[in-house]
1. Which residues, taken from region 207-234, are crowded, with 20+ Cβ neighbours inside 10 Å and either modelled with pLDDT under 95 or among the basic types (Lys, Arg) (or both)?
2. Hey, could you check region 154-170 for residues that are in a strand (DSSP E or B) and modelled with pLDDT of 95 or more and say which is farthest from Met375 (Cα to Cα)?
3. Can you find a residue that is in the same structural domain as Arg240 (by TED's automatic domain parsing), in contact with a Pro (Cβ under 9 Å, 6 or more places away or on another chain), crowded, with 22+ Cβ neighbours inside 10 Å and touching a residue at least 40 places away in the same chain (Cβ under 8 Å) anywhere in region 104-118?
4. Just for region 1-41: of the residues that are under 30 Å from Gln56 (Cα atoms) and in contact with a Leu (Cβ under 8 Å, 6 or more places away or on another chain), which one is surrounded by the fewest Cβ atoms within 10 Å (Cβ to Cβ)?
5. Any idea which of Leu12, Leu41, Leu37, Leu48 is of a type outside the set (D, E, K, R), over 28 Å from Arg191 (Cα atoms), in contact (Cβ under 8 Å) with a residue 60 or more places away in the chain and not assigned by TED's automatic domain parsing to the domain that holds Phe340?
6. Return yes when Arg399 is without any contact (Cβ under 8 Å) to a residue 12 or more places away in the chain and over 21 Å from Ala301 (Cβ atoms) and no when it is not.
7. Return the residues of region 176-194 that are buried (at least 22 other Cβ atoms within 10 Å of the Cβ) and assigned to a loop (DSSP other than H, G, I, E, B); say none if nothing qualifies.
8. Go through (1) among the β-branched types (Val, Ile, Thr); (2) surrounded by fewer than 17 Cβ atoms within 10 Å (Cβ to Cβ); (3) closer than 24 Å to Gln468 by Cβ for Thr153 and report which single condition fails.
Amino acid sequence: MSQEQSVYTSPLVERNASREMAELFGPQKKFSTWRRLWLELAKAQKKLGLNIKAGQIAQMARHLDDIDFKKATRYEKLLRHDVMAHIRTFGDAAPKAAPIIHLGATSCYVGDNTDLLIMREALQLVAGKVATVIDLLGTFAQTYRAMPALGFTHYQPAQLTTVGKRATLWCQEFAIDLHEIEHRIATLPFRGVKGTTGTQASFLALFEGNHTKVKQLDKEVAAAFGFKKTCAVTGQTYPRKYDTLAVNALASLAQSAHKVCNDIRLSANLKEMEEPFEKSQVGSSAMAYKRNPMRCERVTALSRLVLSLATSPAMTASEQWFERTLDDSANRRIVIPEAFLAVDGILQILINVFDGLVVYPKVIAAHVEAELPFMASENILMAGVKAGGNRQELHEKIRLHSQAAAAQVKSFGQPNDLIGRLRADISFAKIDFAKVLDPGDYVGRAPQQVDEFIRTVVAPVRKKYQQQLSGKVELAV
């Protein structure tokens, strides 16, 4: 048995998340970012007057990605400290720079700043995929903008809507999420260069009490990584509340995905709509006829995971003692990557589903036809009055015929025959039933609402994210 088959590996990576997202949280990305942070710190320190040589900077720059992970593992086993292990490993690769690597810094300089950098990049990746979901749903909504369908409240037939209008409800959920994710990206700060307990004491010593240079060092390093602001103050770590805010944004997205996929699963049961089903796909090992909504089921399963993960950063933030305690580390190593990997998997599936969502117009029309007679009863009453009938008498006749028709449906499983009963009643002989029963007259402004939604909500997203829109996703399984 191979090593790969004998130990547990994460289904989030193997079955769900994209390689792009998985690499963001991989060792290579993490530790090469540490090295870039050490490089930019040294460059800024040199610029501000510390005795750091150009040759040291150059040697560091040549070894940002060629990490000897086996050596780092040996160092960590010896030192029981991951940052020190990688300082030693980097120093071995760039021996001229070894004396000045990590000068004045604490472990959280590389650890926390790297987490923020990766979190920002992961949020940007998520934003692009949410925009793709919005784009696809916008196209779907436009296609079916005017197709009448039963609306449901309490999962009971209600007034008509359109298939496209329902899709805008789904799309709106994701538009709200995208706005929140964009806000998180825009407001995420850099921890910066703050020292062991956030007082910058070590850097003040290095610059011989020059407060201006210490503040400039913080700005220089932040700017090198594209951050316009750093945390105003920190302890040893950046406020763990930022983890809570980021994962809460992911949890909000999971809520939307769960709701939408439940709707699709319910529609599949009604045979009105279903997710893509491949030619050789098997729905059940026993029931060969089945076409299970397995993609949407996976989304709801992963969404529940993300919702449960959202509680952990909040508890971690509340548990920090004074300037910091280390009981956050093991938790954060799991929760933050898994929340992003799960959400990425959710988005991969949603893009796949919305790119191939199947609609069955005749089934939808049949369901409308079965319920519309009851919904049209008020219009039929008004038409009868306009034709010269007595409102109260006609109301009573419609009530009696409706109850009889309902009994046929519920007690005997027969089709709704209300219209046939009314046609046969001489009191309604002058009514043009074809006109009164046009489903398009019962959808209100739904088609126009779709047009307005696409113009005001979807179009700006398409414009902003046009370089990141992609409607094709091949799922791992």
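1. If the condition is that a residue be crowded, with 20+ Cβ neighbours inside 10 Å and either modelled with pLDDT under 95 or among the basic types (Lys, Arg) (or both), then Lys213 is the only one that fits.
2. Filtering region 154-170 for residues that are in a strand (DSSP E or B) and modelled with pLDDT of 95 or more, the one farthest from Met375 (Cα to Cα) comes out as Thr162.
3. Yes, there is a match, as at least one residue in region 104-118 is in the same structural domain as Arg240 (by TED's automatic domain parsing), in contact with a Pro (Cβ under 9 Å, 6 or more places away or on another chain), crowded, with 22+ Cβ neighbours inside 10 Å and touching a residue at least 40 places away in the same chain (Cβ under 8 Å).
4. Taking region 1-41 first, the residues under 30 Å from Gln56 (Cα atoms) are 23-41.
After this cut, where a residue has to be in contact with a Leu (Cβ under 8 Å, 6 or more places away or on another chain) as well, the list is 24-25, 32-33, 35-36, 39, 41.
Numbers: Leu24: 21, Phe25: 21, Ser32: 17, Thr33: 19, Arg35: 24, Arg36: 20, Leu39: 22, Leu41: 26.
Checking each candidate, the answer is Ser32.
5. Numbers: Leu41 fails: over 28 Å from Arg191 (Cα atoms); Leu37 fails: over 28 Å from Arg191 (Cα atoms); Leu48 fails: over 28 Å from Arg191 (Cα atoms).
Result of the check over Leu12, Leu41, Leu37, Leu48: Leu12.
6. Values: without any contact (Cβ under 8 Å) to a residue 12 or more places away in the chain: yes; over 21 Å from Ala301 (Cβ atoms): yes.
Yes.
7. Result: Arg191, Gly192, Val193, Lys194.
8. (3)
The values are calculated or read from the model by the stated rules, or taken from the named source; none is laboratory data. It should be emphasised that the depicted structure is a prediction, and the values quoted were computed from it without experimental measurement. Virtual Cβ from ideal backbone geometry, glycine too; neighbours counted across all protein chains shown.
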